[in-house]
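The values are calculated or read from the model by the stated rules, or taken from the named source; none is laboratory data. These figures come from a predicted structure and were not determined experimentally. Here the Cβ positions follow ideal geometry from the backbone for every residue, glycine too, while neighbour counts run over all protein chains shown. Each accessible area value is taken on the protein alone, full model and side chains, heavy atoms only, with ligands, DNA and RNA left out. Shrake-Rupley method; radii C 1.70, N 1.55, O 1.52, S 1.80 Å.
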Amino acid sequence: MLRTLLLATALAVPAMTASAQIRDEGGAAPPRLGEAPVQDVLDAMTIREKALLLVGVGFDAPIPGLPPMSEADRALPDRVPGAAGRTHPIPRVGVPMLVLADGPAGVRVDPSREGDDRTYYATAFPVATLLASSWDPALMEEVGAAFGREARDFGVDVLLAPGMNLHRNPLGGRNFEYYSEDPLLSGRMAAAFVRGVEGEGVGTAVKHLAVNNQEWNRMQLDARVGERALRELYLRGFEIAVREGRPRTVMSAYNRINGQYASESRDLLTTILRDEWGFEGAVMTDWFAGSDPVAQVAAGNDLIMPGDPSKTAAIVAAVLDGSLPMADLDASVARVLGVVLQSPTFRGADVPGRPDLAASRAVARRAAAEGMVLLQNEGGALPLPAGVSLALFGNGGYRLVKGGTGSGDVHVGGVVALGSGLAAAGYAVDAALASDYEAYLAEQEAERPAASPFFLPPPIPERPVGAAEVARLAGSAEAAVVVLSRNSGEFADREVAGDFDLTDAEQALLRDVSEAFHAEGKPVIAVLNVGGVIETASWRDRVDAVLLAWQPGQEGGHAMADVLSGAVNPSGKLPMTWPVAYADVPSAGTWPGEEVEGAEGAGGIFGTPAQTAYEDGLYVGYRYYDTAGVAPAFPFGHGLSYSAFHVQGLDLRAAGDGAYVASTTVTNVGAVPGREVVQLYVNAPSGGLARPLQELRAFAKTRVLAPGESERVELALDARALAAYDPAREAWVVEGGRYVLAAGTSSRSLQASLDLDLPADRVVERAHAVLRPTAPIPERPPARR
């Protein structure tokens, strides 16, 4: 009753008059952000102003179960139409509105604006998985800077990226937005992206903290995960990104972790994120995440997005009745004010609305080519000789999948498909075949039902190609290129049949084209325009070469042609393992989880209560395949070149405080200039803590090496590189014993090694006993096959 009375009293206070907004009761001008200390501004704000600052402006769309946008919020200026969200301005104390925009693959804003005849396009960069495949943090930082410039020029203050949840299972619908199955690679690439974006003045939101590895019932899913897997895998990448990138904001995840919503977990957002990792920025929710705004603020979740009036009222009421300490409210407000102070809007950045798209496209094209992975190249089928005639098969050859759907989509002015890219590179693409594909695709697209741009449209079936047509082309064209494409996005995970596995039509196309062209002694190249892993073992022997082009952004056709022609020597490496079959995936048996019987849920996009047990524990990706001795189709870190490289010798020197520096020599022993990625794996002794057979602990990419040229590469190992998390000691511990360090060009191609003997256990870093599962997780370490 008291809470209701206090709330009614607070909300009944009339709106301030214009004069009252300028001067307080004593007649003095209120302190203004940037002119007075933050504490003075904080002290001058009313409880309602503080609550407003922590709750977003709202979402002006009729979504069942959500209150409508308030009239006051609707009256606020929408500075960047199509941006994902805004914060409330508090003009009385000089706090402006901030704009937050989606951005995993480019700045997501609307291309058209009311009363404005200009078109506002952004650049669709390669998806995160492709960028991670470059294994090149320096390139990643350059790409981040291009993102940051576009965001700033559009008037965006915080870019809602990078996404960096692990690829636990290849069916994850948003895997394309994320980097890798390995936390070190994910963390280093994310940190570089953050440095690039924020170097241009725009904030980032590292997301989604944490264990948000699937789309199925994501908003009500309880991810039940053991302490070691949580610490060593699902939090570790975020920790690296926070400590090395120092982002302005972090986005909390939708899901529960061991029973508690991530956005309402003080253990996660305060004890781990701030106390252990030293994060000083603000935390925001994912859109509509969690169930209790008061619990979110108390946990250290500072900004609730997109917000609605009921959340503001709940926070005000909780402060007035004492259930939310004023200290918690003030701490969150101070952190949001810190983000405001650093924002382009507060600093008066110019907003031309016209970013340099040509410069961005050049970066996107170069990055796309650097991240493509040459999976197979039998008989030197690639690169294609200059000017040869080509038969281009597959819908994807004429309709590029630039990136996934949902918040990872980007509105662009044009997309370069592979057919156009090959033609621009001087190849003669069979015109009759191209015309037939264009007519078929136009007809199919015209019959497609209208769909929301946020949801995945139904795929167009592969165009049937008759035996006579294939025979004609095998007689006239000098090589065949077959493109297989895939798309995915928010709200749904992928399927095994017809998505991870090829469709019957795709298998038939590969079979018929390969038989006809090989009968003529001509090569067949497969190009994979995909956002995630697909099955390859059943068909790869039919083709001569396989280029994994990923979803390469709007310049993808040019970038693919750059690699196919040899203008760019491929140097990408797989950031995840490609299994022979889906059944080999260690989480296949428990994916995606099960709904909770008898539980009531919101339904619709909010899903129903569900849970999934991370029974694979530490054994995700190559940690499983290498430990269990399961042969992959293509191993983690794999990627070929048009040249060849040799890694020779491995030395180690101590760098103080438990850190080391390993060094090795990489030599280009081929005939073409190129780059190589050196990967350092550590095999730990069999102590009290079970460990995977080996784990990636450092990597480095060489400069372009001429044939015969060598480079001495250094690989830094910090004090945590040899450690595992020990729940019993609540600490990161390096156990005594013999460690084997091995360097090479993939997890299954290690060419140099050394032993390191450590005499005794050493505690590297203390932690806290938090986020423990309420019941044991039945983890099943793999037995070696």
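The table below lists the values:
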read-out: Theoretical FRET efficiency, 1/(1+(r/R0)^6), r = Cβ-Cβ of Glu114 and Phe455, R0 22 Å, to 0.05; value: 0.35
read-out: Relative packing of peptides 715-722, 621-628 - highest average C-beta neighbours within 10 Å first; value: 621-628, 715-722
read-out: Loop-located chymotrypsin sites (Phe, Trp or Tyr not before Pro) in the range 365-465, at most 14 other Cβ atoms within 10 Å (DSSP); value: Phe454, Phe455
read-out: Estimated distance in nm for a label pair at Ala446 and Asp761, the labels positioned 7 Å out from Cα along Cα-to-Cβ; value: 7.3
read-out: 222 nm mean residue ellipticity, helices alone, for the chain (DSSP H n ≥ 4; -39,500 (n - 2.57); rounded to 500); value: -7500 deg cm²/dmol
read-out: nm² value of the averaged projected area, convex hull over the Cα atoms of the range 246-306; value: 3.7
read-out: Around Ala479: net Lys/Arg minus Asp/Glu count, Cβ-Cβ under 14 Å; value: -4
read-out: Rg over Rh [alpha-carbon atoms, Kirkwood Rh] for the chain; value: 0.98
read-out: Charge tally in the Cβ shell below 10 Å around Arg224, where Lys, Arg are +1 and Asp, Glu are -1, Arg224 excluded; value: -1
read-out: If the convex hull is drawn through the Cα atoms of the range 412-554, its volume per residue in Å³; value: 129
read-out: Largest to smallest principal axis extent of the C-alpha atoms in the range 721-780, angstrom; value: 44, 28, 16
read-out: Segments 465-475, 135-145 sorted - mean Cβ within 10 Å per residue, highest first; value: 135-145, 465-475
read-out: Relative contact order [Cα under 8 Å, 6+ residues apart], the range 340-436, whole percent; value: 28
read-out: Cα pair distances exceeding 16 angstrom across the range 561-649, given as percent; value: 69
read-out: Segment Ala644-Ile47, length gained on full extension (0.36 nm per residue, minus Cα span); value: 208.4 nm
read-out: Distance in nm between pseudo-label sites at Ala581 and Glu520 (7 Å out along the Cβ direction from Cα); value: 3.6
read-out: Angle between the chain longest axis and helix 556-565 axis [Cα atoms, degrees, rounded to 10]; value: 30
read-out: Highest to lowest packing among 31-44, 648-661, scored as the average C-beta count within 10 Å; value: 31-44, 648-661
read-out: Unit charges on C-beta of K, R, D, E only; dipole of the chain, Debye; value: 1140
read-out: Under the Debye formula (equal points on every Cα, no solvent term), log10 I(q)/I(0) of the range 326-477 at q = 0.09, 0.10, 0.11, 0.14 Å⁻¹; value: -0.52, -0.60, -0.69, -0.96
read-out: Share of Cα-Cα pairs in the range 383-451 lying beyond 20 Å, as whole percent; value: 40
read-out: Added length on full extension, which subtracts the Cα-Cα distance from 0.36 nm per residue, Asp718 to Ala655; value: 21.8 nm
read-out: Cα-based Kirkwood hydrodynamic radius, the range 367-418, one decimal, Å; value: 14.1
read-out: Surrounding net charge for Asp430, when Lys and Arg each add one and Asp and Glu each subtract one, Cβ distance under 11 Å; value: -2
read-out: Cα-projected label distance for Glu280 with Ala61, points at 7 Å along beta-carbon direction, nm; value: 3.6
read-out: Principal axes of the range 646-702: Cα extent on each, largest first, Å; value: 48, 26, 16
read-out: Calculated Rg and Dmax of the range 576-718 using C-alpha coordinates, Å; value: 21.1, 67
read-out: Nearest 10 degrees, 0 to 90: helix 431-447 Cα axis against the chain principal axis; value: 30
read-out: Rg(Cα) / (2.2 N^0.38 Å) computed for the range 252-388, rounded to two decimals; value: 1.62
read-out: Taking only Cα atoms of the range 633-785, radius of gyration then Dmax in Å; value: 18.0, 58
read-out: Calculated P(r) of the range 55-96 - Cα pairs past 16 Å, %; value: 40
read-out: Furthest towards positive pole of dipole, Gly607, Val580, Gly639, structure part the range 555-682, Cβ charges; value: Gly639
read-out: Trypsin sites (Lys or Arg not before Pro) restricted to the range 250-350 and DSSP loop, no more than 13 other C-beta within 10 Å; value: Arg347
read-out: Dipole of the range 718-785, positive direction: furthest Cα of Pro778, Gln751, Val734, with charges on the beta-carbon; value: Pro778
read-out: Solvent-accessible area per residue for the chain (1.4 angstrom probe, square angstrom); value: 36
read-out: Probe 1.4 Å - accessible area at Arg354, Å² to nearest ten; value: 120
read-out: With every protein chain in place, the chain: carbon and sulfur % of accessible area (1.4 Å); value: 52
read-out: Where only alpha carbons of the range 515-628 are counted, the Rg and the Dmax (Å); value: 20.0, 63
read-out: Nearest-ten-degree value, helix 504-519 long axis tilted from longest Cα axis of the chain; value: 30
read-out: P(r), alpha carbons of the range 43-137 - 10 Å bins starting at zero, rounded %; value: 13, 33, 29, 18, 6
read-out: Gained length - Ala467 relative to Ala631, 0.36 nm times residue gap less alpha-carbon distance; value: 55.5 nm
